[in-house]
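Participant: Encoded as structure tokens, here's the structure I'll be asking about.
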Amino acid sequence: MTTLTQPQTDLIAQLRDICGTANVLTHEEPAADLSPWEQDWRKRVHGLALAVVRPGNTAEVAAVVKACAAANTAIVPQGGNTGLVVGGVPDGSGTQIVLSMTRMNAVRAIDPANLTITVEAGCVLQNLQAAAEAAGFLFPLSLGAEGSCTIGGNLGTNAGGTQVVRYGNTRELCLGLEVVTAQGEIWHGLSGLRKDNTGYDLRNLMIGSEGTLGIITAATMKLYPQPAAQLTAWAAVPSMDAAVALLGLAHQRLGPGLTGFEVMNQFALGLVDKHYPQLRVPLWQATPWCVLIENSDSENEQHARSQFEALLEAAMDQGCVTDAVVAESLTQAKGLWHIRESITLAQAQEGLNIKHDISIPVSRIPDFVAETDALLAREVPGVRMVDFGHLGDGNLHYNVQAPEGVDEKAFLRDFEDPINTLVFNQVKRYDGSISAEHGVGELKVGKLPLYKDPTALAMMRAIKQTLDPQNILNPGRVLA
Ligand code: FAD
Ligand code: MLT
Ligand code: ZN
């Protein structure tokens, strides 16, 4: 039970009028457990919300924002709460409301001729994929959290995932948005146009703004034809240099058929084997790296298989693959992908680590990894690297796990800041980015000014000040 001020009590009454009593949850009810909305997925932060508000339509979102603006109350937009940078949970002040978008989950329309689907922001990604498939199309965004993340959160973070090498990230899949501004106005931008040069690109400004510039209530997304056949291979590679060489060959041989190219180091796969032995990780014990390759073919399975076999043969001839398996069935392919997607969970089972989501030009990744691994080993002897990610996009999850037997909390307390500094300085030296796909959130907000171009940062601040002068949309995230 928390004690509210009179203006807070008045605001909650107003929010209940707008969304209905059942859709405004507070700590006033003694048994209320708001943890699912207050705690982030990695359990880095447990905030305290003034209320969790669950609007059912865009007009309600607009009315909620107007009421909060009048009461000068901060709003934290939230989708599936799977974000990894502490961007979608309230701070500990008990003064912010969480705007949970999950009731707004309808598929509004599919336009087969225009190859578009329009959905509400709270639509779970897997449901969006299923709606596209039921209509005979592919919606290619795919990530481990797809069973619970929402398209609003994907747009808010400009999520990447495992198909970016062919289809691009969420921004590239979006044609139009409906957004509620910080003043509670509705921007009706649900265009399905592929060409529109009538001024500044507000859609792309909203995408990746992590709930700090507007609340996305619906989106028009691109659809693609389903591939005629899809094959997956799992290859053992002797080094990161070999993995990059294999990527080059895969681009050459598969062309637009190359829809996934993921790399995983031995320690990451060892964690999956340790915590989920039933998944039967192939080839990992005899090689430092494994690669997962997906070939989506527009002709047929036979064509896909012969292309794949030719690729792997050439790769073995050149010494960049030492062993490989090609999935014989869709079930086997799904099994291989499931192993890849389980790394995040296996690391969580092992204990909290220092997570990095970096991008580097692909050509420079081998040198980056060799050099930075050595620097880290010098800084923390025995440190264990959980390296995996979307090599096809130059995006590595370059995570630093405590040495065996070292308490994770003590490790994070003593080493998180120096290790972040070491890794981010290396990223800068290699012309990379300190956040490839997860965003800035609260976790990296202190570091951003050190690594972002100062003129870019000044423009970002000016945009924030103009669109949200009261600073009520997700304050303290992206920009401090
Ligand atoms: P939330 O976590 O609820 O919110 C994320 C951010 O978006 C917050 O800043 C929030 O304020 C903002 N936001 C949410 N909804 C809206 C809205 N309607 N309007 C405006 N802002 C909004 N990410 C990747 O990019 N690639 C991956 O491969 C990937 N794999 C993952 C695997 C696992 C197992 C997990 C747990 C996470 C993974 N993620 C990945 C991170 C996460 O799933 C993505 O960032 C996802 O896009 C977040 O969606 P969400 O609905 O859960 O958003
Ligand atoms: C992934 O690629 O699996 C995700 O980005 C999640 C993670 O980094 O753990
Ligand atoms: Zn990722």
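Participant: Can you run the Rg to Rh ratio on the stretch 385-480? Use alpha carbon positions and the Kirkwood inverse-distance Rh. Provide the component values of the computation, followed by the final result.
Facilitator: Numbers: Rg = 15.8 Å, Rh = 15.4 Å.
In the stretch 385-480, Rg relative to Rh is 1.03.
Participant: Say the dipole of the chain comes from +1 at the beta carbon of Lys and Arg and -1 at that of Asp and Glu; which of Ile354, Gln332, His438 then lies farthest toward its positive end?
Facilitator: Farthest along the dipole direction, towards plus: His438.
Participant: Something else now. Grab the other residues whose beta carbon is less than 15 angstrom from that of Gly319, score K and R as +1, D and E as -1, and report the net.
Facilitator: Details: positive: none; negative: Asp241, Glu313, Asp317, Asp323.
Once all neighbours under 15 Å are counted, the net charge is -4.
Participant: Please work out the Cα convex hull volume for the stretch 332-431 and give it in Å³ per residue. Walk me through the intermediate numbers first.
Facilitator: On the way: hull volume 10.0 nm³, N = 100.
Considering the Cα atoms of the stretch 332-431, their hull volume per residue is 100 Å³.
Participant: Please name whichever of Gly405, Pro469, Gly83 sits farthest to the positive end of the charge dipole of the chain, dipole taken about the Cα centre and charges placed at Cβ: Lys and Arg +1, Asp and Glu -1.
Facilitator: Result: Pro469, furthest along the dipole toward the positive end.
Participant: Calculate how large, on average over all directions, the projected area of the Cα convex hull of the stretch 163-242 is; give the answer in nm² to one decimal.
Facilitator: On the way: hull surface 34.6 nm².
Over all viewing directions, the stretch 163-242 projects a mean Cα-hull area of 8.7 nm².
Participant: Also, quick follow-up: Counting only helical runs of four or more DSSP H residues, what would the 222 nm mean residue ellipticity of the chain come to if each run contributes -39,500 (n - 2.57) and the total is spread over all its residues?
Facilitator: Numbers: 16 runs with 174 residues, N = 480.
Only helices count here, giving -11000 deg cm²/dmol.
Participant: A further question on this structure: Against the globular-protein guess of 2.2 N^0.38 Å, express the Cα radius of gyration of the stretch 244-331 as a ratio, rounded to two decimals.
Facilitator: My calculation over the Cα atoms of the stretch 244-331 gives 1.14.
Participant: Return the Rg/Rh ratio of the stretch 110-214 with Cα-based radii and a Kirkwood Rh.
Facilitator: On the way: Rg = 13.5 Å, Rh = 14.3 Å.
Reported Rg/Rh, Kirkwood definition of Rh: 0.95.
Participant: Step by step: find N for the stretch 49-128, compute 2.2 N^0.38 Å, then divide the Cα radius of gyration by it. What's the final number? It would help to have the intermediate numbers written out before the result.
Facilitator: Numbers: Rg = 14.7 Å, N = 80, 2.2 N^0.38 = 11.6 Å.
Its radius of gyration relative to the 2.2 N^0.38 Å reference: 1.26.
Participant: For the stretch 327-480: lysine pairs with Cα atoms under 22 Å, gap of 8 or more or different chains, count?
Facilitator: Going through the stretch 327-480 pair by pair, I get 14.
Participant: What's the magnitude of the charge dipole for the stretch 188-344 around its Cα centre, counting Lys and Arg as +1 and Asp and Glu as -1 at the beta-carbon? Answer in Debye, nearest 20.
Facilitator: 440 debye
Participant: For the chain, what is Rg from Cα atoms divided by 2.2 N^0.38 Å, rounded to two decimals?
Facilitator: Values: Rg = 22.9 Å, N = 480, 2.2 N^0.38 = 23.0 Å.
So the chain has a normalised radius of gyration of 1.00.
Participant: While we're looking at this one, here's another question. Angle between the Cα long axis of helix 301-317 and the longest principal axis of the chain, 0 to 90 degrees, nearest 10?
Facilitator: 60 degrees
Participant: Quick check on packing: order 135-141, 107-113 by the mean number of other C-beta atoms within 10 Å, highest mean leading.
Facilitator: Values: 135-141: 19.7, 107-113: 13.0.
In decreasing order of mean packing, 135-141, 107-113 become 135-141, 107-113.
Participant: Please work out whether the stretch 1-59 counts as rounded, prolate or oblate from its C-alpha gyration tensor, where a ≥ b ≥ c are the square roots of the eigenvalues and a/c under 1.5 means rounded, while otherwise a/b larger than b/c means prolate and anything else oblate? Display every interim value, and only then the final one.
Facilitator: Numbers: a/c = 2.14, a/b = 1.32, b/c = 1.62.
Judged from the Cα gyration tensor, the stretch 1-59 comes out oblate (a/c at least 1.5, b/c at or above a/b).
Participant: Which of Gly156, Leu269, Ala70 sits farthest toward the positive end of the charge dipole of the chain, with +1 on the Cβ of Lys and Arg and -1 on the Cβ of Asp and Glu?
Facilitator: Highest projection toward the positive end goes to Ala70.
Participant: Please identify the chymotrypsin sites (Phe, Trp or Tyr not before Pro) of the stretch 159-230 that satisfy two criteria: DSSP loop assignment and at most 15 other Cβ atoms within 10 Å. Which are they? Working shown, then result.
Facilitator: Working: sites: Tyr167, Trp187, Tyr200; in loops: Tyr200.
When the chymotrypsin sites (Phe, Trp or Tyr not before Pro) of the stretch 159-230 are filtered for loop state and at most 15 Cβ neighbours within 10 Å, Tyr200 remain.
Participant: Roughly what angle does helix 125-134 make with the longest principal axis of the chain, taking Cα atoms, 0 to 90 degrees, to the nearest 10?
Facilitator: 70 degrees
Readers should treat all values here as calculations from the given coordinates under stated rules, not as data from a laboratory. Quick caveat, the model's predicted, so the values are computed rather than measured. Using ideal geometry, Cβ is built from the backbone for each residue, glycine included, and neighbour counts are taken over all protein chains shown.
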